[in-house]
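Everything below concerns the one structure shown next.
Just so you know, all these numbers are worked out from the coordinates, no wet-lab data involved. Source: prediction; values computed, not measured. Because the Cβ atoms are built from the backbone with ideal geometry, glycine has one as well, and the counts that use them run over all protein chains shown.
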C-alpha cells in the first residue's frame, strides 16, 4: 500500500509556482482504504459528510465544541497550533477529525524543503469516512508567511471551486524574500505589511489567494524544520514515517 500511495502522490496533477521557485504546490492525496469505525464522540458522523453538506454540519459542531487549537505530537517534537476563529469550517473540520482519531492514523507524507511540509495521508488509516471537501475560506489577512497552517486541494482544472481537502494539511516553511521578489512571485501587489513579513519572516506568497490558511504555529516551528530536513524518497515521502498524534487544547 505504501508504494502505491507514494506513486499516486507523485503523479497527481499540480500547478507550478512562479519560475523563481520552481516547486510544487501542496496537493490533495489519493484516498486510502478504510475498514474500521470512528471514535464515538459527539458531532456529525464522518460517513454523513459530503461536499454538499460539510459547511452545514461542521459550523454548528464548531460552535458547540470549541477549542483554541491543537498540539501535534511527533517523534521529532511537538507543534503547537492556534486555529483561527474566522475560518470556522476548516477549524471545526480539523477539530472533528482530530477528536475522531483520523489524524492519529496519518503521517507527514510530503516534504518540500524550504517550501512546506504536508500531512494527513497514510498507508494505514482504518477509520471509515466519506471523501468530502470544504468550501474555501480564503482571507486576505491570512497569507502564506512562514509557520501558517493551510489546507491542500486539487488544482483549478479539476477543482474550479477551489474546494479544500478535508484531510491533507500543510505547514509553510518558505524563505525570506525582498519586496521585489515577493511581489514577483505573488504576481500581484502586496500590502506593505505583507512585504515586511515576507522579508523578515519568510513564506510562500505564490500560494496566497489559492489555499485556505486556517491556523498558525505558536510553538515548535523548529520541529517543522526538522521534518523538512528528513530524508525523503522519490515522491517526497520521508523514508522514516513521521507519525502524528493530536491533542486538543482548551
Within segment 227-238, does at least one residue satisfy the condition of being within 18 Å of the chain's Cα centre (by Cα) and closer than 18 Å to residue 141 by Cβ? no
Q.
Please determine whether any residue of segment 105-118 is surrounded by fewer than 23 Cβ atoms within 10 Å (Cβ to Cβ), farther than 26 Å from residue 42 by Cα and free of Cβ contacts under 8 Å to residues at least 40 places away in the same chain.
A. no
ask   = Given the structure, is residue 135 closer than 25 Å to residue 197 by Cβ and touching a helix residue (DSSP H, G or I) at 6+ places or on another chain (Cβ under 7 Å)?
value = no
Going through segment 149-166 in order, the residues found to be more than 19 Å from residue 217 (Cβ to Cβ) and part of a loop (DSSP other than H, G, I, E, B) are 153, 154, 155, 156, 157, 158, 159, 160, 161, 162, 163, 166
Exactly one of 154, 198 is surrounded by 17 or more Cβ atoms within 10 Å (Cβ to Cβ), under 14 Å from the mean Cα position of the chain (by Cα), touching a residue at least 24 places away in the same chain (Cβ under 8 Å) and over 22 Å from residue 70 (Cα atoms), and that residue is 154
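Go through segment 178-208 and give me each residue that's outside any helix (DSSP H, G or I) and either under 25 Å from residue 136 (Cα atoms) or in contact with a strand residue (DSSP E or B) (Cβ under 8 Å, 6 or more places away or on another chain) (or both).
Of the residues in segment 178-208, the ones outside any helix (DSSP H, G or I) are 178, 187-191, 201-204, 208.
187, 188, 189, 190, 191, 201, 202, 203, 204, 208 - these are the residues of segment 178-208 that are outside any helix (DSSP H, G or I) and either under 25 Å from residue 136 (Cα atoms) or in contact with a strand residue (DSSP E or B) (Cβ under 8 Å, 6 or more places away or on another chain) (or both).
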